[in-house]
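The values are calculated or read from the model by the stated rules, or taken from the named source; none is laboratory data. In this text the structure is predicted, and so the values were computed from the model without any measurement. Using ideal geometry, Cβ is built from the backbone for each residue, glycine included, and neighbour counts are taken over all protein chains shown.
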Amino acid sequence: MESRVLSGATTFAGIPHLRKLPRENASCCFVSARPIGTVAEGGNLIWGRHLRPALLLESSPVSKAEILRPCLAAASSPAEGSDSAGEVKPVGFFDKYPVLVTGFFFFMWYFLNVIFNILNKKIYNYFPYPYFVSVVHLLVGVVYCLISWTVGLPKRAPMDSNLLKLLIPVAVCHALGHVTSNVSFAAVAVSFTHTIKALEPFFNASASQFILGQPIPLTLWLSLAPVVLGVSMASMTELSFNWTGFISAMISNISFTYRSIYSKKAMTDMDSTNLYAYISIIALLVCIPPAIFLEGPQLIKHGFNDAIAKVGLVKFISDLFWVGMFYHLYNQLATNTLERVAPLTHAVGNVLKRVFVIGFSIIIFGNKISTQTGIGTVIAIAGVAIYSFIKAKLEEEKRDQNRPLKFMMDLLGYDRS
């Protein structure tokens, strides 16, 4: 995850001016200094569960040994990755190749999402009640989380009022985005819904620019133009087009954009698995009332009976269980992936995932698409590819600019763990 520490220090050529700090006495190797990035100096602490530098702590409760690494001790201590006897400890495969771990998260996220979308659409073909199905998705996930907590995999993280305030807007956005996505899936072809949802990076970039105040380069905005154009072309000639499906997918884009932003903020003190479990519980409570109010009477009158008559009771219950399980697992992996990357990168990966979903849905369901719709979809995906390339180049340039500062901090013996 990206992080920045902004202090009151002046800069020259992109490198903060480092002031020579006074020593307390000649015999001590500790340097007396105020914590960098404190509020009094204009410091800006941002979220992130991996971002807990000791230098950002208040000076009063922290000893000097906790703030700065002793120079002599650092020079004489065993190297990282070795024990006290000097024996080198083996480095784990996943620690050595973190990129492969992130790639595995993306692959499983895509794979489970494809299965979910196919099974979900099959259910809507004989049971067109998206609000109730949305509740089932969340209910199965919540039961899964409760069982996991019971056996201690993972151990349940404590909840307090402050964290609850952070999670409520995340859960509300998650619930709204989830329900509106299902309404769109039930109303139009899966491929068309995902084509509309390809606009999510555009909404994400807009939120970053105008809500979070994070400037987005002009090149990134220009790379999103083909995405907007392609989605517009696909929408005009989509054979399954209707306004319910279109508007619901657009509302889902906005909701999930805000969910990503608020989720990033809420990752301060909780791992992503526990975070998504609490979000699912709150979202379930949010989704139950509209499902009862909007679809309850129809379900009791003929909805359940019609579904059982078409596929049988066992298959009906089995389909609902497995679609809920796949929904929870793919969203859990999506949350784990979000924890490892920046929100905009996550949004781009989300769009690339739709390539697989669109392709498989056309093959499985035999959806017919017009030539213009196909061209529009290709243009949208090409725009996403351009966006991804430009974003990666900008991030690489940013890392190159930060390398001199990192080298200087390492040279001075700062503990950035």
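Confirm whether L176 is under 29 Å from V136 (Cα atoms) and in contact (Cβ under 8 Å) with a residue 24 or more places away in the chain. Yes.
Would the stretch 250-269 turn up any residue that is acidic (D, E), closer than 24 Å to A186 by Cβ and out of contact with any strand residue (DSSP E or B) (no Cβ under 9 Å at 6 or more places or on another chain)? Within the stretch 250-269 (the criterion being acidic (D, E), closer than 24 Å to A186 by Cβ and out of contact with any strand residue (DSSP E or B) (no Cβ under 9 Å at 6 or more places or on another chain)), the answer is no, since none of the residues qualifies.
Residue count for the stretch 228-251 under the criterion of being over 24 Å from I375 (Cβ atoms) and out of contact with any Leu (no Cβ under 8 Å at 6 or more places or on another chain): the result is 2. Under 8 Å between Cβ atoms, at least 6 apart or on separate chains: pull out the pairs that start in the stretch 134-163 with a residue that is free of Cβ contacts under 8 Å to residues at least 24 places away in the same chain and end on any residue that is in a helix (DSSP H, G or I). Hits for this filter: K155/W149.
Looking at the stretch 261-279, is at least one residue more than 30 Å from N162 (Cβ to Cβ), assigned by TED's automatic domain parsing to the domain that holds S206 and outside any helix (DSSP H, G or I)? No, the conditions are met nowhere in the stretch 261-279.
Just checking, does the stretch 327-335 include any residue being of a type in the set (S, T, Y), touching a His at 6+ places or on another chain (Cβ under 6 Å) and modelled with pLDDT of 80 or more? Checked the stretch 327-335: at least one residue is of a type in the set (S, T, Y), touching a His at 6+ places or on another chain (Cβ under 6 Å) and modelled with pLDDT of 80 or more. None of F304, F246 is among the aromatic types (F, W, Y) and under 28 Å from K197 (Cβ atoms) except F246.
Counting only helices (runs of 4 or more DSSP H) that sit completely within the stretch 83-189, those holding 1 or more residues that are at pLDDT 90 or above and among the polar types (S, T, N, Q) correspond to 98-126, 130-151, 161-187. Which one is surrounded by the most Cβ atoms within 10 Å (Cβ to Cβ) among residues in the stretch 307-342 that are farther than 26 Å from H174 by Cβ and without any contact (Cβ under 8 Å) to a residue 12 or more places away in the chain? Ranking the qualifying residues of the stretch 307-342, first place goes to I308. Is one or more of the residues making up the stretch 237-245 surrounded by 18 or more Cβ atoms within 10 Å (Cβ to Cβ), touching a Phe, Trp or Tyr at 6+ places or on another chain (Cβ under 9 Å) and within 21 Å of T335 (Cβ to Cβ)? There is no residue in the stretch 237-245 that is surrounded by 18 or more Cβ atoms within 10 Å (Cβ to Cβ), touching a Phe, Trp or Tyr at 6+ places or on another chain (Cβ under 9 Å) and within 21 Å of T335 (Cβ to Cβ).
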